[in-house]
Amino acid sequence: MQSELFSQANLEISDGQRFARQNPQLLRVSLGEDVLAVKGSMVAYQGQITFNHEGAGGLNRMMKKMMSGDDQPLMRVSGQGEVFFANEAGVVYLIELSGDALSVNGRNLLAFDASLSWDINRVQGAGMLSGGVFNTTLTGQGTAALCTVGQPVVLDCSQQPTFVDLQSAVAWSANLVPNVVSSMNMKSMLRGGSGEAMQYSFHGPGFVVVQPSEWKNDPNASKGHSGGSASDVLGGLFS
């Protein structure tokens with residue numbers, strides 16, 4: 001049987017890396033230590049692998065998950081073998097955390113080392129109608145994998161105020177404290193609105209990653225994560 005389907009580009013990679021991009025839209029994880037992944041993100045696996053629901057890990061975090069309406073619960077992936085993860089053919093990026101932190105929109109989260117700590121945080125100034133009001137923070141030593149809708153841009157927030165649509169913000173530096181603001185004014189409201197009513201506001205030393213697409217408004221899709229220095233944390237996003 002012959003086909004370009006069987007070309008080297010489509011064969012499983014074997015580079016010895018624990019986290020690796022099989023291709024731009026497919027994550028390959030070689031298991032040993034456990035991995036936490038968004039439920040439903042596994043597309044294939046080889047070897048002896050088990051998948052178990054990952055609880056909130058404490059009353060405080062459980063209450064935060066309930067408040068945030070978290071619709072992307074995590075699963076713990078254990079065993080020996082290889083697991084492939086993807087999310088609607090989104091572009092995969094690997095982030096190495098070295099004792100720092102990263103704040104990520106939960107809909108852009110794919111998988112991360114179970115050794116990383118995670119928590120859910122409420123964004124300041126976020127009212128009930130603003131949509132994405134919670135984000136998830138990852139801290140510690142390990143690798144996290146995100147996926148974006150299209151190729152993102154990384155914006156420096158230190159030079160001037162930066163405003164990002166709630167559904168387009170992928171991740172930002174943990175040291176940044178975003179606010180949810182409204183650009184709506186009475187004149188615009190009387191004429192039907194601009195369609196761009198709510199944004200995250202960032203200003204300070206750090207970065208925000210923005211995808212060229214907006215998630216459909218979903219009150220349950222409100223998680224995110226936190227990060228450190230732009231050059232140290234977001235590897236491939238800055239290449």
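The values are calculated or read from the model by the stated rules, or taken from the named source; none is laboratory data. All of these numbers come straight from a predicted model, not from anything done at the bench. Counting neighbours? That spans all protein chains shown, and the Cβs are built from the backbone with ideal geometry, glycine included.
Structure summary
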read-out: Residue match in the stretch 135-147 (condition: in contact with a Lys or Arg (Cβ under 9 Å, 6 or more places away or on another chain) and at pLDDT below 95); value: yes
read-out: Condition met for GLY131 (modelled with pLDDT under 85, within 20 Å of GLU214 (Cβ to Cβ), touching a Pro at 6+ places or on another chain (Cβ under 8 Å) and part of a loop (DSSP other than H, G, I, E, B)); value: yes
read-out: Residue among PRO161, PRO178, PRO212 that alone is crowded, with 20+ Cβ neighbours inside 10 Å, farther than 19 Å from GLU96 by Cα and at pLDDT 85 or above; value: PRO178
read-out: Matching residues, the stretch 1-30, being of a type in the set (A, V, I, L, M), surrounded by 11 or more Cβ atoms within 10 Å (Cβ to Cβ) and modelled with pLDDT under 95; value: ILE13
read-out: The lone exception for ARG28 - which of (1) out of contact with any strand residue (DSSP E or B) (no Cβ under 9 Å at 6 or more places or on another chain); (2) in a strand (DSSP E or B) it fails; value: (1)
read-out: Matching residues, the stretch 40-72, being part of a loop (DSSP other than H, G, I, E, B), out of contact with any helix residue (DSSP H, G or I) (no Cβ under 8 Å at 6 or more places or on another chain) and at pLDDT below 95; value: GLY40, GLU54, GLY57, GLY58, GLY69, ASP71
read-out: Residues of the stretch 31-44 satisfying the condition of being touching a Pro at 6+ places or on another chain (Cβ under 9 Å) and surrounded by 14 or more Cβ atoms within 10 Å (Cβ to Cβ); value: VAL38
